[in-house]
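Read through the structure below, which is laid out as structure tokens, and then see the notes.
The values are calculated or read from the model by the stated rules, or taken from the named source; none is laboratory data. On a predicted model such as this, the values are computed, not experimentally measured, just so you know. A quick note on method: Cβ atoms are made from the backbone with ideal geometry, for glycine too, and the neighbour counts reach across all protein chains shown. All accessible areas refer to the heavy atoms of the entire protein, side chains included, with ligands and DNA or RNA removed. Shrake-Rupley method; radii C 1.70, N 1.55, O 1.52, S 1.80 Å.
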Amino acid sequence: MITSKTVHSFQLSLQEGHTLLTAQEYPWSVLQVVPTTPADFESTMAILKKRGMVAHHDTDRTFFIIHLSSGDHDGQHPERHITITQDNHMLFINDLKDTMAQAAVWYKTNVVDSLL
């Protein structure tokens, strides 16, 4: 992973049988952990990439991270509203990619490795 200017912390939760990670810092993203197997890793990644942004750990092939939402979460947190324009959209996308990459490392370290 490339060094980041922001270190994210994540809140782990389960909703309707899905594992969610909520970033506690901008861009306040809600990310979902999608389990897979090493044998299905490539085919699962191809399917997920058709639907949106996908992150994964450099060495672990048992899960993916996908983006569900960011910012104010449909008005639940108005103080976290993010205005995206033509001038700043790439900054937001890069920040989101960074958050997702950190989530993959965080999940591997704090969940997967703790189960071993």
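Here is how the numbers come out for the structure above:
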quantity	calculated
Every pair of residues 6+ apart whose Cβ atoms lie under 8 Å, when the first sits in region 56-78 and is closer than 19 Å to SER43 by Cβ while the second is among the hydroxyl-bearing types (Ser, Thr, Tyr) and open to solvent by 50 Å² or more (accessible area, probe 1.4 Å)	ARG61/THR37; THR62/THR37
From the options LEU91, LEU96, residue that is assigned to a helix (DSSP H, G or I), at pLDDT below 90 and under 17 Å from the mean Cα position of the chain (by Cα)	LEU91
Subset of region 48-62 that is out of contact with any Lys or Arg (no Cβ under 8 Å at 6 or more places or on another chain) and open to solvent by less than 90 Å² (accessible area, probe 1.4 Å) - its residue that is modelled with the lowest pLDDT	GLY52
